[in-house]
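Here is the structure we will look at, set down as structure tokens.
The values are calculated or read from the model by the stated rules, or taken from the named source; none is laboratory data. Predicted model only: the values in this text are computed from it and were never measured. Ideal geometry is used to build each Cβ from the backbone, glycine not excepted, and the neighbour counts take in all protein chains shown. Ligands, DNA and RNA are stripped out before the accessible areas are found, and what is left, the full protein with its side chains, is counted by its heavy atoms. Shrake-Rupley method; radii C 1.70, N 1.55, O 1.52, S 1.80 Å.
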Amino acid sequence: MNELARPSLRAITIDEKANWRMLALSLLSVRFIQGFIYWGGGSRRFIYAPAKLDPSAPHWMANKSQSAMPGAILGTGHIISWLLQHFVALYAGLIVFSALELLCGLGLMAGFLTRLSALGSVCFSIVLMLMFGWQGATCIDEWTMAACNLAMGMTLVLAGAGVYSLDNVLLARRPWLASRFWFRWACGSLPLPLSGPAFLKLSVAVFALTVVFNVGTYNYYRGSVFTPFHAGPTSPSKHHFSLDGLNVTADGSVGFHLYLDGGTPEAPAHVMEVTLQDSTGKKVEVWNADQLSHLPKEAIQNDYSYNQIKPGRYGLSAEMGAAATIHLSMPADRMDGAKPFKIVVTDIEGRSFSD
């Protein structure tokens with residue numbers, strides 16, 4: 001059978017062409033703005049704000065990634081943590097991510113490999129929602145943008161780019177591409193090579209996936225669907241510290257792990273006081289803000305090289321996602337408290353966190 005005679009690659013009638021052109025014209029602004037959004041993200045890093053890809057700059061992308069780590073879901077937080085500890089993989093990943101973002105954006109704006117570019121934007125949207133979707137105090141800003149981009153990308157995967165596109169120019173110069181399966185799926189100048197019932201099933205599946213993922217992640221982050229509105233498993237506004245690994249030795253050495261796993265990345269958190277308590281709640285030792293501000297560099301072993309915990313003006317200063325092992329000391333004669341011991345940190349707002 002001739003390839004053009006297959007039902008999935010049959011000739012398109014005049015009425016179908018007119019309808020396809022109307023659909024393409026209707027989606028032209030969607031296609032361009034979707035492309036502009038991703039082109040903007042990539043171009044900022046490569047052209048307009050290259051410091052984002054400079055490991056020595058304060059706006060290096062690793063810092064933003066680390067700030068998202070505490071609330072990232074479905075294992076993406078572990079991926080971020082691993083990348084932060086492997087510089088070559090981290091740097092290569094950020095370069096590749098930014099380059100693909102730039103290319104997908106250009107592809108959508110120009111209508112080149114439109115469906116493939118739109119599929120790339122869908123993948124970016126999903127990754128961004130999983131990593132950054134929890135951030136934003138009320139409207140979860142990162143989620144909102146990515147959720148809209150996901151829906152727009154899915155629509156463009158189905159509809160393509162039937163007007164004002166390089167895909168059309170390519171097809172006009174090489175008409176035989178209309179019979180190529182890969183061209184119909186990767187580009188956007190023609191409808192997908194599917195029968196009516198098959199296209200209906202694909203469209204419903206795309207709709208279901210988009211709705212389930214968007215509504216499901218929104219309910220997880222903020223409720224308001226199956227549950228009342230809530231601040232989310234990870235607070236995007238109130239700083240929160242987690243403590244573990246307390247180790248108290250006979251010579252008076254005290255070590256514990258401190259992790260800033262909640263709050264806004266716009267401002268650091270401050271630990272004003274650290275208290276060691278015995279099992280009865282009695283204070284064995286207290287380190288005040290002045291003592292914490294003057295801790296030596298070797299007393300703080302940060303897990304990551306980017307956002308860190310370090311001595312500051314008001315005790316210990318911690319950037320979002322920072323994690324470190326803190327080493328303190330006290331006179332050995334204070335060790336007569338009832339074991340086991342408990343460590344408590346108090347932040348600048350007077351809130352206390354314990355292991």
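Using helices alone, I'd like the mean residue ellipticity at 222 nm for the chain: each DSSP H run of four-plus residues gives -39500 (n - 2.57), total over residue count, nearest 500. Let's see the in-between values first.
Numbers: 11 runs with 154 residues, N = 355.
My calculation for the chain gives -14000 deg cm²/dmol from helical runs alone.
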Using the Karplus curve 6.51 cos²θ - 1.76 cosθ + 1.60 with θ = phi - 60°, work out ³J(HN,Hα) for each residue of the range 47-56 in order, rounded to whole Hz, and write x for Gly and Pro. 10, 8, 9, x, 4, 5, 10, 9, x, 8
Between Ser237 and Asp333, what FRET efficiency comes out of the Förster formula 1/(1 + (r/R0)^6) with R0 = 35 Å and r the beta carbon distance, rounded to 0.05? 0.25
Could you give the accessible area per residue of the chain, probe 1.4 Å, as a whole number in Å²? 51 Å²
Most mobile of Glu298, Glu101, Glu142 per a Gaussian network model of the chain (Cα springs, under 10 Å)? Glu298
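So for the range 132-269, averaging the separation of alpha carbon pairs under 8 Å that are six or more residues apart and normalising by length, what relative contact order in percent results?
On the way: 147 pairs, mean separation 26.1, N = 138.
Relative CO of the range 132-269 lands at 19 percent.
Quick one: pull the percent of accessible area on the range 210-355 belonging to carbon and sulfur, 1.4 Å probe, ligands and nucleic acids left out.
Values: 3790 of 7310 Å².
Using a 1.4 Å probe with all protein chains present, the range 210-355 comes out at 52 percent carbon and sulfur.
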Distance from a point 7 Å along Cα→Cβ of Ser354 to each backbone N in the range 259-279: keep the residues under 18 Å and list them by number. 259, 272-279
In whole Å, how far is the Cα centre of the range 226-293 from that of the range 121-150? 29 Å
Sort 299-305, 340-346, 192-198, 321-327 for me by packing, meaning the mean count of neighbouring Cβ atoms within 10 Å per residue, highest on top. 321-327, 340-346, 299-305, 192-198
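For the chain, build the convex hull from the C-alpha positions and give me its volume per residue in Å³.
Values: hull volume 61.3 nm³, N = 355.
Measuring per residue, one finds 173 Å³ for the Cα hull of the chain.
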When only C-alpha pairs under 8 Å and at least 6 residues apart count, what is the relative contact order of the range 209-355, in percent? 26 percent
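What helices does the chain hold that run 30 Å or longer along their axis, going by alpha-carbon atoms, with a Kyte-Doolittle average of 1.0 or more, using DSSP H for the helix calls?
87-110
Quick check: residue separation of Ile33 and Val127 times 0.36 nm, minus the Cα distance between them. What number comes out in nm? Intermediate values should be presented prior to the final figure.
On the way: separation 94, 0.36 × 94 = 33.84 nm, distance 1.95 nm.
Contour length minus Cα-Cα distance gives 31.9 nm.
What is the magnitude of the charge dipole of the range 262-355 about its Cα centre, with +1 placed on the Cβ of each Lys and Arg, -1 on the Cβ of each Asp and Glu, and no other charges, expressed in debye to the nearest 20? All intermediate terms of the calculation are to be shown ahead of the outcome.
Details: 9 positive and 13 negative charges, 25 e Å.
With only Lys, Arg, Asp and Glu charged at Cβ, the dipole is about 120 debye.
Just how many pairs of Lys in the range 247-355 have C-alpha atoms closer than 13 Å, counting pairs that are eight or more places apart or on different chains? Could you put the intermediate results ahead of the total?
On the way: Lys282/Lys339; Lys282/Lys342; Lys283/Lys339; Lys283/Lys342; Lys297/Lys310.
Pairs that pass both the separation and distance tests number 5.
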Under the rule a/c < 1.5 gives rounded, and otherwise a/b versus b/c splits prolate from oblate, where does the range 69-136 land using the Cα gyration tensor? oblate
Taking every pair of distinct Cα atoms and averaging 1/r, then inverting, what Kirkwood hydrodynamic radius in Å comes out for the range 154-232? 15.0 Å
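Given Cα pairs under 8 Å that are at least 6 residues apart, what percent is the relative contact order of the chain? Kindly include the intermediate steps, with their values, before the conclusion.
Numbers: 640 pairs, mean separation 53.6, N = 355.
Relative CO of the chain lands at 15 percent.
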